[in-house]
1. How many nm separate the modelled label positions at B:Lys81 and A:Lys18, each set 7 Å beyond the Cα in the direction of the Cβ?
2. Give me A:Phe133, B:Phe50 ranked fewest to most by other Cβ atoms within 10 Å of their Cβ, as a rough exposure proxy.
3. Could you calculate the contour length gain from A:Asn180 to A:Gln63, that is, 0.36 nm times the residue separation minus the distance between their Cα atoms, to one decimal place in nm?
4. Taking θ = phi - 60°, what integer Hz values does the Karplus form 6.51 cos²θ - 1.76 cosθ + 1.60 yield along the range B:5-16, in sequence order, with x for Gly and Pro?
5. Under 5 Å between amide hydrogens, which residues at least 5 positions from B:Leu70 or on another chain qualify, with H placed 1.01 Å from N in the peptide plane?
6. Please arrange A:Ser17, A:Ser145, B:Ser66 by how many other C-beta atoms lie within 10 Å of their C-beta, fewest to most.
7. Take B:Asp49 and A:Ser135, extend 7 Å from each Cα along the Cα→Cβ direction, and tell me the distance between the two endpoints in nm.
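Computed from the coordinates by the stated procedures, all read-outs in this text should not be read as laboratory data. Since the structure is predicted, the reported quantities are computational estimates derived from the model, not experimental observations. Backbone-built Cβ (ideal geometry, glycine too); neighbour counts: all protein chains shown.
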Amino acid sequence: MPGLSGRMSTVIKAKISKLLDRAEDPAETLEYSYQKQIELLQNVKKGIADVVTSKKRLQLQEQKLRDQVVKLDTQARQALAAGNEDLARTALERKNVAQTELQSLDSQIAQLEQQQEQMTASEQKLRAKIEQFRSRKEVIKAQYSAAEAQVKISEAATGVGEEMADVGLAMQRALDKTENMKARADAVQELEAAGTFEDLTQLGAGEDDIDRQLRQLSSSSEVESELAKMKAELGSGSSPSAGELGAGAPAGEPAQAEQAGPSQGQAP
Amino acid sequence: MIVRIATEGQYELTESDAEALDELDNHAVGACEHGDEEQFNTTFKELIDFVREHGALVAEDRLEPSDVILPPPDVSFEEAKAEFSGEGLIPG
């Protein structure tokens, strides 16, 4: 069969015959080949452990981001209740960015999960083939003359060699993807370092570089609509007296608004 | 005939299925040659689905080389082109 499929078979066969050429004596070839298989199996196990570690790291980051979203939302409400709209907007912008990152983390974790499953399945398959090779190796050593053994070895080694090449390829691809995710995760960590606001009073100090970047990143219309919603929930309206109260009133507290406004008919 | 989908496993196909596979393979190769990524992606997916649907999974304890090895299901167009000419998916 020509084309795509032919090319790949040729490369793998070349790799296997290189492996077989290493030793002159059939028994030695068998042992060498078996040794290589065991080595690869160890590598696959290490590869799976790497993927699991990366997954755990992303899950930890996901949890932190979730906490951050909740905290920023609370801070936005507090800021708004205190009449500091700029501060509320900044908090919402950060929340917006954190939420976008959360979504991307979710899909990355799902991908790693899938890779872990695939690699575990590959490991099991390779293990079965190696076991098969091991028992065949003993039969070949015991029953065949040197000339016959060469042929038998070649057959067995080609079968298991192909599986090895394939598992190697699968692992390389999985690790490449994991590497990309790690780089992205590091970027998210920088965002996390920007963090939530430790103290609301800190925010008077004007915006820093991160704030400006965040403002560019986040969709401002989304932030504005959320801000408007939050305002409606707090029922603060545009009444200046509401700002004076300041004390972080919980959402939807009509009693307070009535007391504050001098006979102002509050809309429901 | 035994067909391996790289990174996935081996499937056993009948001779008549092999002919249909050959046809699909030629289309995929043609798409690659013409630099038609969209066409390649469609055809390659058909090719993989065909093997999965028509082939029987080869038992894990069978030690047999494949007659044909297909690139991994998530192969990119760039990789597919490289495999078709040049270094190949598995270098050296």
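1. 2.6
2. Placing the least packed residue first, the sequence is B:Phe50, A:Phe133.
3. Full extension of this stretch gives 40.1 nm more.
4. 8, 3, 6, 10, x, 9, 10, 9, 10, 6, 4, 5
5. B:Arg4, B:Ile5, B:Ala6
6. Values: A:Ser17 13, A:Ser145 8, B:Ser66 26.
If I rank by nearby Cβ atoms, fewest first, I get A:Ser145, A:Ser17, B:Ser66.
7. 3.9
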